[in-house]
Structures are given as C-alpha cells and as structure tokens.
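The values are calculated or read from the model by the stated rules, or taken from the named source; none is laboratory data. Note that the structure is predicted; figures quoted are calculated from it, not measured. Virtual Cβ from ideal backbone geometry, glycine too; neighbours counted across all protein chains shown. Side chains are part of the model used for accessible areas, which takes the heavy atoms of the whole protein and leaves out ligands, DNA and RNA. Shrake-Rupley method; radii C 1.70, N 1.55, O 1.52, S 1.80 Å.
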Amino acid sequence: MSAVPLIAGAAGNPANGKLLFQRCASCHAVGPYATAGYGPQLNHIIGRRAGDTRDYKYSEAMKKSGLVWDEKTLAAFLRAPHDVVPDTKMRFWGIKDEQQIADLLSYMKTL
C-alpha cells in the first residue's frame, strides 16, 4: 500500500491525534498551562515562526531555519526532522505513517 501525501487531502482525526500526541508529551506540552520542558510548548504552532517561543533555548539551526510552521512544513518535519532542519536538537526519527501525521496535525490545529 502506498502512502498518500498529506497535501493530497488525507483527512485527520483530532481525537486520534490527541492519543498519538502522548508520544510527544514526554518532551512537549500543550494546553492552557503549557511551558517549555525538554522541548518547546506547542500551543498555536500553526502559523508560528520556528524557534520563536521565549521560554525555550532552540538550536541555532532551528532559529536560523526561517520556517513558519504550516501544515506542509510540520508534516515534512514530523516525517524527517533532520532533513527539514539539519542539526536540530530534536531527537526524534520521524513518523512514516501519513494518517498518523494527518491526525497529529488535525489535533494540533485545535490548540
């Protein structure tokens, strides 16, 4: 079975995305009291400039990336973080399942 690219219209399920986010929660926080921990908080990430929260020390690579997080850039980053931002501090190998990426993005849009 071939993967359908997210930009081709894979519909995300925010409830499933919330469950999948539990994998991310060891480093990233969301919600009304979210603050940076091992990674930056991810509230309102859609439309935010990469490396732009005040309470997290980002890598130089992330600060200089020039990225603004939209669905396309987030999907690419979730697939292969080190391909999108070489030398990022994020220690995550990526998600290969396009439906899981769509679900996570759907959830993140609710934050």
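Out of D87, D83, which single residue is touching a helix residue (DSSP H, G or I) at 6+ places or on another chain (Cβ under 8 Å), closer than 23 Å to G37 by Cβ and either open to solvent by 60 Å² or more (accessible area, probe 1.4 Å) or at pLDDT below 95 (or both)?
Only one candidate passes the filter, namely D87.
Remark: A50 falls outside the filter, which requires a residue to be surrounded by 15 or more Cβ atoms within 10 Å (Cβ to Cβ), at pLDDT 95 or above and over 15 Å from the mean Cα position of the chain (by Cα).
What are the residues in the range 65-93 that are within 19 Å of P14 (Cα to Cα) and of a type outside the set (F, W, Y), if any? Before you say what the answer is, go through the steps one by one.
Looking only at the range 65-93, we keep the residues that are within 19 Å of P14 (Cα to Cα), and these are 69-79.
Selection gives D70, E71, K72, T73, L74, A75, A76, L78, R79.
Close Cβ contacts (under 6 Å, 6 or more residues apart or on different chains) running from residues in the range 66-91 that are under 18 Å from Q41 (Cβ atoms) and part of a helix (DSSP H, G or I) to residues that are open to solvent by less than 20 Å² (accessible area, probe 1.4 Å) and at pLDDT below 95 comprise P81/T88. If the condition is being surrounded by 17 or more Cβ atoms within 10 Å (Cβ to Cβ) and under 14 Å from the mean Cα position of the chain (by Cα), then the range 54-75 contributes M62, L67, W69, E71, L74, A75. Taking the condition assigned to a helix (DSSP H, G or I), open to solvent by less than 60 Å² (accessible area, probe 1.4 Å) and acidic (D, E), does D103 pass? In short, yes.
Give the number of residues within the range 33-65 that are in contact (Cβ under 8 Å) with a residue 24 or more places away in the chain, in contact with an Asp or Glu (Cβ under 9 Å, 6 or more places away or on another chain) and in a loop (DSSP other than H, G, I, E, B). Counting residues in the range 33-65 that are in contact (Cβ under 8 Å) with a residue 24 or more places away in the chain, in contact with an Asp or Glu (Cβ under 9 Å, 6 or more places away or on another chain) and in a loop (DSSP other than H, G, I, E, B) gives 3.
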